[in-house]
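Below is one structure, written out as structure tokens; the observations come after it.
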Amino acid sequence: MNRILGWDLLRGLCALAVGGYHLSMWLDIGYFHSFGSYGVYLFFVLSGASLMYTYGGNLEERSFNFKKFLLLRYFRLAPLYIFLMLLVLPWKISKEGATIELLKKFILNGFFAFGFFDPAASSMLVGGWSLGIEVIYYLIFPVLGFCVLRRNWFFVVFFLLLVAQVWWVTRTIGSPGGYLENSIALHQPQAFVVYFFGGCLIGYLRRKEIFPLLSSRIVVVLVSFGFFTIAVINPVNAGGELLGVRGVVGFCVCFFLVWIIGGLRLENRFAKAAEFFGDATYGLYLIHPIIFFGIAWVILPRIGWGDPLSWSLGSRLGLILLVLALAAALALLSEEFFEKPIRNRAKAVFGR
């Protein structure tokens, strides 16, 4: 199947949104909670859409090989993740000690099984919690895909999962303790499964070309409006973007953005730029925290530049741009010379 360049572009924008959210928060510039949350939730929608777009035909023809699917997905996530875990391991040992608990955490992360064990607390990397949950969705993907193919089943299951998701979000961050006391409890598979499942339907419809391609200008306007809406619903306190009217609006915008940008027409250099965005997404998402803390905690103290929190606003904004640029460059290099060769080798061994 051909790449959906609009989805590649949206992945890159989401990675930038999450990276900007983290860096702005760490540098005390601003707290853009809605971009941090919905930037990740869009990943879940995009993941479901991409998988159903790619494997929907196999599910329809009853030729879906679950074992090969899991192996290929593992080799998509694992190389960079394990490399970065090894990179931060000395720092983890210095902070937590060389304990059995750290070894267990490392093994769980290496096999992406930490999604079953409070992923927000068990992840070895910043943002890694979403990957632990993502792998759980891989495990149930054939069942969810089957429900998409049986359209009536889809709406029944979607409604039941939506009720469970709303109940869980309300039960955790909607409780008196709020987000600060319940963030670990919130980040469980049941809190985001409807995003992935709804994305599966979008991928199936896109595969069947049930919705038409739109002009680039219309799509750009609509996507810009979607991101503007996410900015508008940003709350003062973390977690507020998931509750009440904000939660309903953000939830709907996620599906709207994936649906509408999937019909984006891109040609020539714009198509190549979208591919670069897609290729850089995974690495940018995982690498930017390591670069930032490496600069802030290792490099700056050694050259005597002090804590970046004491810098001027302009200097802190410049640091954000530097970190994102370095992370994107390293992500592209990793994709081209490290991750892609491993994936290609895995495909040759296990079959496409």
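Taking the criterion of being charged (D, E, K, R), assigned to a helix (DSSP H, G or I) and at pLDDT below 90, the residues of segment 261-320 that qualify are R269, K272.
Residues that are surrounded by fewer than 21 Cβ atoms within 10 Å (Cβ to Cβ), of a type in the set (V, I, T) and within 13 Å of G199 (Cβ to Cβ) occur in segment 45-64; there is at least one.
Please indicate, with yes or no, whether at least one residue in segment 20-35 is in contact (Cβ under 8 Å) with a residue 40 or more places away in the chain, small (G, A, S) and out of contact with any Lys or Arg (no Cβ under 9 Å at 6 or more places or on another chain). There is at least one residue in segment 20-35 that is in contact (Cβ under 8 Å) with a residue 40 or more places away in the chain, small (G, A, S) and out of contact with any Lys or Arg (no Cβ under 9 Å at 6 or more places or on another chain).
Hey, could you check segment 25-44 for residues that are touching a Phe, Trp or Tyr at 6+ places or on another chain (Cβ under 6 Å) and not aliphatic (A, V, I, L, M) and say which is farthest from G314 (Cα to Cα)? The selected residue is F44. Inspection of segment 237-249 finds no residue satisfying the criterion of being in contact with a strand residue (DSSP E or B) (Cβ under 7 Å, 6 or more places away or on another chain), surrounded by fewer than 18 Cβ atoms within 10 Å (Cβ to Cβ) and either modelled with pLDDT under 95 or of a type outside the set (G, A, S) (or both). Only one entry of F338, F350, F292, F255 meets the criterion of being within 16 Å of L16 (Cβ to Cβ) and touching a residue at least 40 places away in the same chain (Cβ under 8 Å), and that entry is F292.
Of all the numbered requirements in (1) touching a helix residue (DSSP H, G or I) at 6+ places or on another chain (Cβ under 8 Å); (2) surrounded by fewer than 18 Cβ atoms within 10 Å (Cβ to Cβ); (3) over 22 Å from F196 (Cα atoms); (4) hydrophobic (A, V, I, L, M, F, W, C), L103 misses one, and that requirement is (1). Of the residues screened, R76 is not one that is in a helix (DSSP H, G or I), among the basic types (K, R), more than 22 Å from Q190 (Cβ to Cβ) and in contact with a Phe, Trp or Tyr (Cβ under 7 Å, 6 or more places away or on another chain). Counting only helices (runs of 4 or more DSSP H) that sit wholly inside segment 80-188, those with at least 1 residues that are more than 22 Å from the chain's Cα centre (by Cα) and of a type in the set (D, E) are 100-110, 178-186. Against the list (1) free of Cβ contacts under 8 Å to residues at least 60 places away in the same chain; (2) surrounded by 14 or more Cβ atoms within 10 Å (Cβ to Cβ); (3) not polar (S, T, N, Q), the condition V156 fails is (2). With respect to G177, determine if the residue is loosely packed, with under 14 Cβ neighbours inside 10 Å and either among the charged types (D, E, K, R) or closer than 20 Å to G36 by Cβ (or both). For G177, the condition - loosely packed, with under 14 Cβ neighbours inside 10 Å and either among the charged types (D, E, K, R) or closer than 20 Å to G36 by Cβ (or both) - is met.
Taken over segment 189-200, the criterion of being under 15 Å from the mean Cα position of the chain (by Cα) and either surrounded by fewer than 18 Cβ atoms within 10 Å (Cβ to Cβ) or closer than 17 Å to T170 by Cα (or both) is satisfied by P189, A191, F192, V193, V194, Y195.
The values are calculated or read from the model by the stated rules, or taken from the named source; none is laboratory data. Everything numeric in this text was worked out from a predicted model, so none of it was measured. Note: ideal-geometry Cβ built from the backbone for every residue, glycine included; neighbour counts use all protein chains shown.
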